[in-house]
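Since the structure comes first, as structure tokens, the remarks are kept for the end.
The values are calculated or read from the model by the stated rules, or taken from the named source; none is laboratory data. Keep in mind the model is a prediction, meaning the values are calculated, not measured. Methodologically, a virtual Cβ is constructed for each residue, glycine included, from the backbone with ideal geometry; neighbour enumeration extends over all protein chains shown. Ligands, DNA and RNA are excluded from the accessible area calculation, which covers all protein heavy atoms including side chains. Shrake-Rupley method; radii C 1.70, N 1.55, O 1.52, S 1.80 Å.
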Amino acid sequence: MGLPVLFEVLRDDLDDKEIVKAALEVLLVSVMPANNNVASQAGVVNGELVVRNQDQVSMVLGLLEDDDFYLRYHTLQFLTALLKTAGPRLQEVILTSPMGVARLMDMLMEREVIRNEALLLLIALAKDNESLQKIIVFE
């Protein structure tokens, strides 16, 4: 029930970076796999609810355009956690998102921490998906 409220915060309160960062942290915890590997049932359900709505994923990808370090960092962590809980569907959504892969590739030109998070996400995202592999190579 709280996911729509959190996405409203991401959409409506972009000027308040602290609130957006807090909303991202809550979203991250809501989909984070238990024990960093095994997806919890609640995490899987929440992850599926998030990726079911392509606008929500596009909104999250749009947060990568912001200059705030922590906003980008938490966004990449959230996308990585989503990939662990709802991987195939997230791959589809990013593939169909107009600038999805390009925004992730832009993160490779950032600071070391952001670059490493983006690289790990891209590697996991491209795993077992030939279409994404081709796009990433050409980007």
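Quick notes on this structure:
- Model label points for residue 66 and residue 53, set 7 angstrom from Cα along the Cα-to-Cβ axis, are 1.8 nm apart.
- Computed from backbone phi with θ = phi - 60° and the Karplus coefficients 6.51, -1.76 and 1.60, the 3J(HN,Hα) list for region 98-112 is x, 10, x, 5, 4, 5, 5, 5, 4, 5, 6, 9, 8, 3, 4 Hz; x is used for glycine and proline.
- Projected onto planes of every orientation and averaged, the convex hull of the alpha-carbon atoms in the chain covers 7.7 nm².
- Taking each DSSP H run with n ≥ 4 as -39500 (n - 2.57) and averaging over every residue of the chain yields -24000 deg cm²/dmol at 222 nm.
- Protein accessible area in the chain, 1.4 Å probe - carbon and sulfur %: 54
- Check: the chain dipole with +1 on Lys, Arg Cβ and -1 on Asp, Glu Cβ, in debye: 560
- Excluding same-chain neighbours fewer than eight residues apart, the lysines reachable from residue 134 by a Cα-Cα span under 24 Å are 84.
- Projecting the Cα atoms of 88, 56, 98 onto the charge dipole of region 34-139 (Cβ charges, centred on the Cα centre) puts 88 farthest toward the positive pole.
- Region 58-139 - Rg and Dmax from Cα coordinates, angstrom: 11.4, 32
- Distance between the pseudo-spin-label points of residue 92 and residue 25 (7 Å out from Cα toward the beta carbon): 3.4 nm.
- Computed E for residue 136/residue 16 - FRET, C-beta separation, R0 41 angstrom, nearest 0.05: 0.80
- Pairwise centroid distance, computed over Cα atoms, of region 49-99 with region 2-23, Å: 14
- Length released on extending from residue 45 to residue 116, taking residue separation times 0.36 nm less the Cα-Cα span: 22.8 nm
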